[in-house]
Amino acid sequence: MRLAPLVLSLVAPLSLASQQPPSITAIRAGTLLDGTGAAPVKNAVILIQGERITAVGSNVPIPRGAAVVDLSGYTVLPGFIDAHVHLVGHTLGDGDWYHARLVEAPAQLALLGAAHAQQTLEAGFTTVRVVGTAQFGDIALRNAINAGWVAGPRIVGAGISFGIRGGHCDATDGLRPGLLGPEAGIGIEEGVANGVDEVRNAVRYVVKYGADVIKICATGGVLSLTDSAGLQQYSEEEMRAVVEAATLLQRRVAAHAHGTAGIKAAVRAGVTSIEHGSILDDEAVQLMKQRGTWLVPTLLAGYTAESLATAKKLPPPVAAKALAIAPRMRASFKLALDAGVKIALGTDAGVMTHGTNAREFELMVKYGMTPMQAIRAGTLSGATLLGKEADLGSLATGKLADLVAVKGDPLQDITVLQHVDFVMKDGVVFKQNGQVVGRSAVGIP
């Protein structure tokens with residue numbers, strides 16, 4: 001019993017230490033663009049405690065003892081958000097990219113995805129929405145990043161995307177019958193769900209295995225060998241069933257859609273976003289505006305596929321579609337922008353090289369947006385599309401401390417966003433002075 005005071009004296013300091021608040025980091029920003037579209041703030045200070053912003057503004061005093069990060073020579077912005085990527089797998093044109101799933105193990109492709117994730121974070125994209133990955137590779141990668149095993153952006157993942165048999169989401173499209181076994185290509189495991197009952201079951205299946213969002217193929221696509229990019233594939237009834245099942249499970253629905261009829265049907269069915277939206281007309285954009293449907297235009301994917309097709313580096317059926325769709329995609333983007341449709345930045349990274357995502361800002365400005373509109377599309381608008389605006393997308397008190405910094409003024413030259421020198425995610429510095437901060441694997445089980 002005489003040991004009790006000694007034990008208490010040893011335990012008490014440990015208990016008090018565990019109750020100490022996290023240390024404070026103060027960031028001096030030469031210019032602050034907060035992501036909301038508000039005017040730039042000069043000589044701002046951002047205070048961060050733990051993973052959250054506790055104060056931000058031009059008149060914020062720096063507490064004594066705070067660790068100061070001097071970015072007074074930089075423009076500081078919220079971490080960028082890319083609402084349409086595919087991290088797991090080879091990029092378009094990388095070796096035999098079209099048949100990688102036939103010759104490489106899922107684990108190997110997931111490890112490649114981890115490298116792509118780090119490239120993406122290095123480029124300043126602290127949050128991404130992964131809209132379709134075979135065998136739930138994106139969900140495994142999301143979990144590994146969340147656990148701290150690998151570095152990467154925050155992932156909102158769809159798991160397996162799905163559509164009709166023989167459609168753009170069918171993973172066996174273009175392969176000979178029976179190549180992957182007698183049952184391949186007829187179920188959700190290969191991205192196939194036909195009819196109202198099957199699509200409802202598909203939603204439940206992907207959510208069961210971790211999907212944060214549902215991705216469907218409403219129309220044909222550019223990279224699929226055997227379909228037409230403009231033709232509607234899912235019926236409006238099927239898409240309405242998808243949305244109903246997803247809503248019950250508190251999931252949003254993203255619809256890959258190039259063709260006009262498929263876009264309109266998807267919007268009427270209640271999807272949250274149209275991906276690509278390449279062939280819009282006045283009726284489609286008005287319908288999107290009325291329903292509050294988002295457009296994720298993926299201009300960079302269109303540009304990349306068009307360039308590869310021109311260089312004769314794509315299969316002929318794919319090249320023909322790429323050359324036809326790209327100019328219409330650009331025109332549709334401007335039509336939607338002028339009509340006031342909500343737009344969020346998305347690149348379709350995986351079509352182009354990961355880590356070059358910020359080129360989408362440049363294309364959005366080239367085809368009609370102001371630099372401030374493009375920045376908002378890649379920050380607060382992206383967060384709102386994902387349903388994460390309470391935590392992400394702008395630099396405000398209470399939000400997660402996701403920040404990037406660039407030299408120069410992106411309002412004068414949007415291309416400076418392609419050269420990110422500082423990245424912070426969840427209050428942790430990942431990149432500083434243009435260099436990735438060293439990581440240790442000591443704490444990984």
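Rule-based calculations on the coordinates, nothing more; no lab input. Keep in mind that what you see is a predicted model, and the values were worked out from it rather than measured. When we count neighbours, we look across all protein chains shown, and the Cβ atoms used for this are built from the backbone with ideal geometry, even at glycine.
Could you work out how far helix 4-18 tilts from the main Cα principal axis of the chain, as a 0 to 90 degree angle to the nearest 10?
Helix 4-18 sits at roughly 50 degrees to that axis.
Given region 15-140, what percent of its DSSP beta bridges are antiparallel, to the nearest 5? Present the calculation step by step, with values, prior to reporting the outcome.
On the way: 13 of 24 bridges.
Given both bridge residues lie in region 15-140, the antiparallel proportion sits at roughly 55 percent.
Alpha carbons only, please: Rg and Dmax for region 328-406, in angstrom.
13.3, 41
Taking a ≥ b ≥ c as the square roots of the Cα gyration tensor eigenvalues, with a/c under 1.5 meaning rounded and otherwise prolate when a/b beats b/c, else oblate, which class fits region 34-144?
Details: a/c = 3.32, a/b = 2.68, b/c = 1.24.
Prolate is the answer for region 34-144, as a/c is 1.5 or above and a/b outweighs b/c.
Nearest 5 percent is fine: what portion of the DSSP beta bridges confined to region 80-386 is antiparallel? Walk me through the numbers on the way to the answer.
Working: 1 of 24 bridges.
Restricted to region 80-386, the bridges split so that about 5 percent are antiparallel.
Let's see if you can work this out: charge +1 on each Lys and Arg Cβ, -1 on each Asp and Glu Cβ, no other charges. What is the dipole magnitude of region 80-386 about its Cα centre, in debye to the nearest 20?
Dipole magnitude for region 80-386 comes out near 580 debye.
Excluding residues fewer than 8 places away in the same chain, name every one of the lysines whose C-alpha is closer than 30 Å to that of Lys425.
Lys42, Lys208, Lys215, Lys342, Lys366, Lys388, Lys399, Lys407
Using alpha carbons only, how many degrees (0 to 90, rounded to 10) separate the axis of helix 195-208 from the longest principal axis of the chain?
Roughly 20 degrees, rounded to the nearest 10.
How big is the equivalent ellipsoid of region 209-264 along its three axes, where each semi-axis is √(5λ) from the Cα gyration tensor, reported in whole Å from largest to smallest? Walk me through the numbers before you get to the answer.
Working: eigenvalues 99, 33, 12 Å².
Semi-axis lengths for region 209-264 are 22, 13, 8 Å.
How far is helix 260-269 tilted, in degrees, relative to the longest principal axis of the Cα atoms in the chain, given as a value from 0 to 90 rounded to the nearest 10?
60 degrees
On average over all directions, what projected area in square nanometres does region 362-406 have, based on the convex hull of its Cα atoms? Working shown, then result.
Values: hull surface 14.2 nm².
Computing the convex hull of the Cα atoms and averaging its projections yields 3.6 nm².
Counting each DSSP H run of 4 or more residues in the chain as -39500 (n - 2.57), what helix-only mean residue ellipticity at 222 nm follows after dividing by all residues, to the nearest 500 deg cm²/dmol?
Numbers: 13 runs with 151 residues, N = 445.
Computed ellipticity for the chain at 222 nm equals -10500 deg cm²/dmol.
If the cut-off is 22 Å between C-alpha atoms, which lysines fall inside it for Lys312, apart from same-chain ones fewer than 8 positions away?
Result set, ordered by chain and number: Lys321.
Which of Ala349, Ala257, Ala269 moves the most in a Gaussian network model of the chain with Cα springs under 10 Å?
Largest GNM mean-square fluctuation: Ala269.
Please state, to two decimals, what the Cα-based radius of gyration of the chain comes to when divided by 2.2 N^0.38 Å (N = residues).
On the way: Rg = 23.0 Å, N = 445, 2.2 N^0.38 = 22.3 Å.
The chain yields a ratio of 1.03.
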